[in-house]
Amino acid sequence: MSIPYVTEIDPKYGEVVQVTAGIRRVIANNPGRFTFTGTGTYIVGRGQVAVIDPGPEDDEHVAAILAAVSGEEITHIIATHTHRDHSPASRALQTATGAPILGFGGHPVVSEQSAILAKPTTWDALYPTEEEIEELRKSMPASSKEDTEHDQEEGGDMSFSPDIEIGHGDVIAGGTWTLEALHTPGHISNHLCFGYKEEQSLFTGDHVMGWSTSVIPEPEGSMNAYMDSLTMLLERKDKFFYPTHGPRIPDIPFSKIKGIKYTILGNRQISKKPIIIKNKNTISAEIGPVGNSVKSTKNTDFKAIQDKYISITPLTTNMYDSKKIINTIKLKK
């Protein structure tokens, strides 16, 4: 079973797009290796509205959100988690509107010892090569900002401090909408998804995305927690998923979850997708729609690699052709 990627989206920076009767979206102009075409801020409801993932610290994006709800009231500002492409704009939005900020809590505090003992799935280890970055850029609209501004977009928002801390099962309601919080740790320990009762849909943040699989950086993230969170979503009956990056995942999105779990748990043994050891410090795993056999340049414990080092994120962009999707992960020396 392969992962069904969904990549078609026109970001329309600075404009509000009506996605459904109860959902609007404004995309921040912060395209990058972790953000795809940019952060999609969702506006839920009419009249009294909730804003989900207000986005990066960007005055133009905040202005676009405020323009999109002119004549309406923002009653809740909600963050799925505390990476810098999701939550920092909450403060400027609160200054402009007075609305409370909601989230699971502050950014996780990682002890020095935990950082030392963490499995090496850090941001530096996951960065694509310059050639792969160029391929990604070809599929994205040009940004009016310097690319260097977005290089570390997934860093932590250390200043995030919600007015209201919310957890699993909490319900947030407005005039025309009802959201249920789901604690979905994995990508990061404070990650939340939000079920939209009126449209039987789920705002998935970075937990499940259409254009890419999620990066799991330890110690802030956990692959075991991620798998448990995916399993929890399989028990739901959502019609659509709305990730913060990329387009809506349509038509019963559970094939996406099953594809991700299959790739993580069984890809290397069941599907026989190739794993290629480049040298003693790196491993490249092909998880795309190519290859029929496992290859390596030395005797390798693939199960151990799968358990300890897997953190999958596509590094090429044409997901529908036969090009390889390569991931490079540093191994312990």
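The values are calculated or read from the model by the stated rules, or taken from the named source; none is laboratory data. Quick caveat: nothing in here was measured; it's all calculated off a predicted structure. Cβ coordinates were reconstructed from backbone atoms using ideal geometry, including for glycine residues, and neighbour counts include every protein chain displayed.
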Is it true that V208 is aliphatic (A, V, I, L, M), closer than 26 Å to A21 by Cα, over 17 Å from the mean Cα position of the chain (by Cα) and at pLDDT 90 or above?
no
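Being in a loop (DSSP other than H, G, I, E, B) and under 23 Å from Q200 (Cα atoms) is the filter here, so list the residues in segment 4-39 that pass it.
Those that are in a loop (DSSP other than H, G, I, E, B) and under 23 Å from Q200 (Cα atoms): P4, Y5, V6, T7, E8, I9, A21, G22, T39.
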Looking for whichever is among the basic types (K, R) and at pLDDT 95 or above here; the options are R137, R91. Which one fits?
R91
Exclusive hit being at pLDDT 90 or above and under 24 Å from E8 (Cα atoms), set L182, L192, L202:
L202
Taking the stated definitions as given, is D228 at pLDDT 95 or above and among the charged types (D, E, K, R)?
no
Single residue of segment 89-101 satisfying the filter (over 25 Å from the mean Cα position of the chain (by Cα) and assigned to a helix (DSSP H, G or I)) that is nearest to F160 (Cα to Cα)
T95
Among what's in segment 214-236 and is touching a Ser or Thr at 6+ places or on another chain (Cβ under 8 Å) and closer than 27 Å to G22 by Cα, pick the residue that is surrounded by the fewest Cβ atoms within 10 Å (Cβ to Cβ).
M232
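Answer with yes or no whether H86 is at pLDDT 95 or above, assigned to a loop (DSSP other than H, G, I, E, B) and either under 15 Å from E220 (Cβ atoms) or basic (K, R) (or both).
yes
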Tally time: how many residues in segment 194-232 are touching a helix residue (DSSP H, G or I) at 6+ places or on another chain (Cβ under 8 Å), of a type in the set (A, V, I, L, M) and not in a helix (DSSP H, G or I)?
4
Determine if segment 181-197 includes at least one residue that is surrounded by fewer than 22 Cβ atoms within 10 Å (Cβ to Cβ) and over 18 Å from the mean Cα position of the chain (by Cα).
yes
Residues in segment 217-239: is at least one in contact with a Lys or Arg (Cβ under 8 Å, 6 or more places away or on another chain), under 18 Å from A79 (Cβ atoms) and of a type in the set (S, T, Y)?
no
If you take the residues in segment 56-83 that are among the β-branched types (V, I, T) and assigned to a strand (DSSP E or B), which one is surrounded by the fewest Cβ atoms within 10 Å (Cβ to Cβ)?
T75
